[in-house]
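Here is the structure we will look at, set down as structure tokens.
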Amino acid sequence: MLGKKLTPDLIKLQDNFIKSGGKFKDIRIGELFDIHPTKSYGLTNYKLFKTKGKTPVIVNSSLNNGIGGFVDLKPTEKGNMITYSDTTTSDAIFYQPNDFIGYSHVQGLYPYEAQNWDEKAYLYFLVLFKKSALGKFNYANKFNRNIAKELVVKLPFNKNNKIDFDFMRAYISQIEDDSIIEMEDESIKEIKLYLKSSGLENYELSSNEKKMFNNLRCLKTASFKIGDLFEIRSSKKKFNANAIKFGGKFPYVARGSNNNGIRGYITESEQFLNDSKTISFGQDTATIFYQEKQYFTGDKIKILTYKYGELNQELACYLISCMKKEFEKFSWGQNSFNENIIKNIFIILPVNSNNEIDFEFMENYIKVIEKLTIKSVVECKNKIIKTTKEVIHN
């Protein structure tokens, strides 16, 4: 089973399955799928993403379903399949519903019996695949396809000893129904908690904020080297993820693309802690995060310390967005992001009438974006709940 807390309806579904002669049996993933690299265009990031379109590109990311952007090129792969990155972790395993373009190190799972696999069957399998791969792979221990084929999942088999795809679909459908019923209370609770903790209980824009946002076209900008803004250095000590014990006191920042780069928490000698309110930069992944608290790091992490005072969250968000925009022009690989190259990359920043960096604008801009985002989330939440109620009561 999927590890889902069983509701009465799920218990009934499982009991009926077992009474009909069904069983849950282990099976190798290699018996279900041929695993090989997805088809890519073999272009640098700059050439690949220079056109904007509707075709998703699946990259080595654990965010946004692995989508690195949308381009104006023909898809290289059909949708309705599972992809994963062999350079990251189980967080980068996704179901792709739509046609897409592959990318270096993105593997595809191609079913031997394609006619049986639809979205719900894939979603059932996806949870088991992630669970089987959890904690077994990282940047030092690659998730190659030969290893993936040997992973084992537990699937439902009917009395004829065939995979019971109908049970898998019914199970996912029931989970979706249960989730809809829980949605309203959970959504309201989570949004209220976030608004309170972030101080954004009032997310309406002030007149000055509206004026600032409406005058963006008149914004004056200039180019600045990253090295002129930040002191760039290596971490005080690199801790190997395979040689440390998690469950400690301080954040351990690696090159992952989620959870602010924090892979877990460890306790080591505090003399090797990197300063708080700095930016961590993964050299071969271009993952950039603001670190509010002191932290340890893994290998190939650079520490960016702001030269002009204390770096707050709003200012860091603006600067990181500008840096990410420039880093997208580079091809994948750590050689593209060595210290000297980072220092000499130019980013575009707003300036005031004296041609000095307009720090106040950057901070206020991020606050406005945060308010607009919260507003859109609340409106979207209300729309979803309204639609859900209509579906349930009709």
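For the reader, a short list of remarks on this structure follows.
- Checking the cross-link pairs LYS211/LYS371; LYS120/LYS154; LYS225/LYS367; LYS25/LYS159; LYS210/LYS367 against a 19 Å limit on the alpha carbon distance flags LYS225/LYS367 as lying beyond it.
- Entries in LYS237/LYS343; LYS136/LYS302; LYS54/LYS136 that, when Cα-Cα distance is taken, lie over 28 Å: LYS54/LYS136
- Footprinting exposure proxy ranking of THR55, THR373, fewest other C-beta atoms within 10 angstrom first, gives THR373, THR55.
- Exposure proxy order (Cβ contacts within 10 Å, fewest to most) of ASP9, ASP26, ASP86: ASP26, ASP9, ASP86
- The chymotrypsin sites (Phe, Trp or Tyr not before Pro) of the stretch 237-306 meeting both criteria, a DSSP state outside H, G, I, E and B (loop) and at most 13 other C-beta atoms within 10 angstrom of the site's C-beta, are PHE246.
- Between THR221 and VAL351, the built amide H atoms are under 5 Å apart, and every one of these is 5 or more places off in sequence or on another chain.
- Taking 0.890 mPa s as the viscosity and 25 °C as the temperature, the Stokes-Einstein diffusion coefficient of the stretch 221-350 based on its alpha-carbon Kirkwood radius rounds to 165 µm²/s.
- Exposure proxy for TYR46, TYR110: other Cβ atoms within 10 Å of each Cβ, ordered fewest to most, give TYR46, TYR110.
- Working from label points 7 Å from Cα in the Cα-to-Cβ sense, the TYR265 to ASN344 distance is 4.2 nm.
- For the stretch 8-176, the share of alpha carbon pairs falling in successive 10 Å distance bins from zero is 10, 36, 31, 17, 5, 1 percent.
None of the figures in this text is laboratory data; all of them are computed from the coordinates on show. None of these values were measured; they are calculated from a predicted model. Cβ sites come from the backbone with ideal geometry, for glycine too, and all protein chains shown count toward neighbours.
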